[in-house]
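Working notes for the structure below.
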Amino acid sequence: MYNVRLNCKLLFLFIILLVSACSDKHAGLSHAIDALDKHKLVTGSYVIIPNQGCEGCISTAEAFVKNNIGMSDSIRYIFTRIQSAKLLKIKLGNDVMTSNKVLLDTADIITYPDKEKEIYPMIISMKDHRIDKVTYQSPDSDGLNDLVRK
């Protein structure tokens with residue numbers, strides 16, 4: 001007969017994996033926002049705009065930023081996967097790029113919770129310093145117009 005002995009280290013590792021699997025699914029995204037925005041929003045929205053992906057959706061998001069940069073202090077814009085900051089500045093203009101509401105993720109630390117949607121702009125709603133909801137600007141959803149209606 002085999003003498004089965006439960007390895008405490010293996011049990012401890014299993015418990016850690018179980019706890020981490022059940023933890024906040026937006027933890028990585030929250031840490032990235034903390035790193036990018038030293039004055040994280042208590043309540044409001046972050047619009048994450050990838051510089052590559054769905055061309056129409058990204059163009060719509062960039063136009064939204066240009067037209068609504070002064071709309072609200074509770075909206076911040078994060079550009080990620082930036083191929084060229086210089087080209088982005090030409091597209092958006094100096095006023096937009098120098099706004100304290102615009103953040104650049106030059107290290108590409110933003111991670112999308114839904115990998116299949118990482119080609120779309122993402123809208124993150126914050127409530128009490130926590131991520132409350134994640135929506136997208138895509139052919140199937142109009143997250144930016146929902147943001148204006150708030």
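The values are calculated or read from the model by the stated rules, or taken from the named source; none is laboratory data. Keep in mind that what you see is a predicted model, and the values were worked out from it rather than measured. So basically every Cβ, Gly included, is an ideal-geometry build from the backbone, and we count neighbours across all protein chains shown.
Points to keep in mind about this one:
- Hey, Thr80 at pLDDT 95 or above and polar (S, T, N, Q) or not: yes
- Of the criteria (1) without any contact (Cβ under 8 Å) to a residue 24 or more places away in the chain; (2) surrounded by 13 or more Cβ atoms within 10 Å (Cβ to Cβ), which one Ser72 fails: (1)
- Hey, Val42 within 16 Å of Lys133 (Cβ to Cβ), modelled with pLDDT of 80 or more and part of a loop (DSSP other than H, G, I, E, B) or not: yes
- Residues in segment 93-132 that are free of Cβ contacts under 8 Å to residues at least 12 places away in the same chain and exposed (fewer than 12 other Cβ atoms within 10 Å of the Cβ): Asn94, Thr98, Asn100, Ala107, Lys115, Glu116.
- For segment 45-71, a residue qualifies if it is assigned to a helix (DSSP H, G or I) and either modelled with pLDDT under 90 or not aliphatic (A, V, I, L, M) (or both), and the qualifying residues are Glu55, Gly56, Cys57, Ser59, Thr60, Glu62, Phe64, Lys66, Asn67, Asn68.
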